1. I want the local charge near residue 206. Using Cβ-Cβ distances under 11 Å, sum +1 for each Lys or Arg and -1 for each Asp or Glu among the other residues.
2. Which of 205, 185 has the fewest other C-beta atoms within 10 Å, and how do the rest follow up to the most?
3. Report the full-extension gain for the segment residue 37 to residue 136: residue separation times 0.36 nm, less the Cα-Cα distance, to one decimal in nm.
4. Which ordering of 172, 188 is given by a fewest-first count of other beta-carbon atoms within 10 Å?
5. For the stretch 10-107, state which GluC sites (Glu not before Pro) are in a DSSP loop and have at most 11 other beta carbons lying within 10 Å of their beta carbon.
6. For the pairs 35/135; 33/65; 70/195; 102/195, note any where the Cα-Cα span goes beyond 26 Å.
7. Provide 164, 55, 199, 148 in ascending order of the number of other Cβ atoms located within 10 Å of each residue's Cβ, fewest first.
Amino acid sequence: MMAREPPPPGSFIVPDWHRCKESKEYFNKILHKKKRKNFGLLESPVMPPHAAVDTVHYKIFLSGKSGVGKTALAARLAGLNIPKMHHETTGIQTTVVYWPVKLRENGRVLFFRLQLWDCGENALRRFDHLLPSCKEQVDAVIFLFSFTDRTSFEDLSNQIPKWTEPSYGCLVKVVVGTKFDLFMHCDVPERDVRKFQETWRLPVHRSGGEVSDGLGDVAPILNCLAENLWHQDCVRAGAAGQHPQHDTVTLP
């Protein structure tokens with residue numbers, strides 16, 4: 001079970017800030033012609049000198065059965081084209097997502113750089129070195145299940161305890177149910193999702209359907225990750241008597 005309750009939404013960051021007029025200057029740096037920019041490993045948004053912004057870096061592992069939609073979720077969160085056909089990820093695939101956030105406490109704006117790590121289930125079984133690489137210095141885990149695959153939902157109770165061992169510390173844990181739009185083939189009723197949330201005390205998000213050109217379809221998941229990651233840093237910094245500083249870099 002969770003050692004620490006996640007913060008209520010909106011406790012640490014301004015919710016729906018992407019809808020506010022003042023946020024446009026920042027969100028425009030991750031957009032191009034109203035679509036998301038694709039950032040490589042060494043690229044970052046460039047802000048004007050009068051609006052220099054600190055960037056905090058985090059590593060996030062995507063956990064779930066083969067075919068559950070890990071690669072598709074990474075593409076959705078990054079604003080990339082979602083694959084039409086399922087192909088097993090042959091090794092480790094990383095995707096960089098930038099997301100600006102305004103802190104509630106002091107109005108400070110931060111860019112969250114989320115590096116999503118996706119590894120195929122078969123590759124993890126075949127190559128012993130892949131999973132340790134994914135787990136090294138990881139800050140959060142997104143557990144995925146598919147609303148069209150009952151076994152993927154039931155497998156969550158096997159996956160989550162593996163990431164609650166003391167050696168991992170207090171990792172941020174978020175659950176995402178994919179293929180939510182395929183309600184005609186739904187194999188996981190809402191009552192079971194509610195029971196899961198009551199048992200595990202983890203936020204559960206739903207994902208599916210076409211990706212819009214806007215930010216609204218990914219904002220709930222990215223804001224949840226940002227808020228929980230910042231809360232985790234605040235708890236760690238408080239225990240050490242410091243201010244949270246997680247690989248902070250100032251954008252030019």
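1. Values: positive: 179; negative: 181, 190, 217.
With Lys, Arg at +1 and Asp, Glu at -1, the net is -2.
2. Values: 205 18, 185 11.
In order of increasing Cβ crowding within 10 Å: 185, 205.
3. Details: separation 99, 0.36 × 99 = 35.64 nm, distance 2.76 nm.
That pair, residue 37 and residue 136, stretches by 32.9 nm at full extension.
4. Details: 172 25, 188 20.
By the 10 Å Cβ count, ascending, the order reads 188, 172.
5. Values: sites: 22, 25, 43, 88, 105; in loops: 43, 88, 105.
When the GluC sites (Glu not before Pro) of the stretch 10-107 are filtered for loop state and at most 11 Cβ neighbours within 10 Å, 43, 88, 105 remain.
6. Working: 35/135 31 Å; 33/65 35 Å; 70/195 23 Å; 102/195 32 Å.
Flagged as over cut-off: 35/135; 33/65; 102/195.
7. On the way: 164 14, 55 18, 199 10, 148 22.
Ascending number of Cβ neighbours within 10 Å: 199, 164, 55, 148.
Where a number appears in this text, it was derived from the coordinates with a stated rule and is not lab data. Values in this document were obtained by computation on a predicted structure and should not be read as measured data. Every residue, glycine among them, receives a Cβ derived from its backbone with ideal geometry; neighbour counts consider all protein chains shown.
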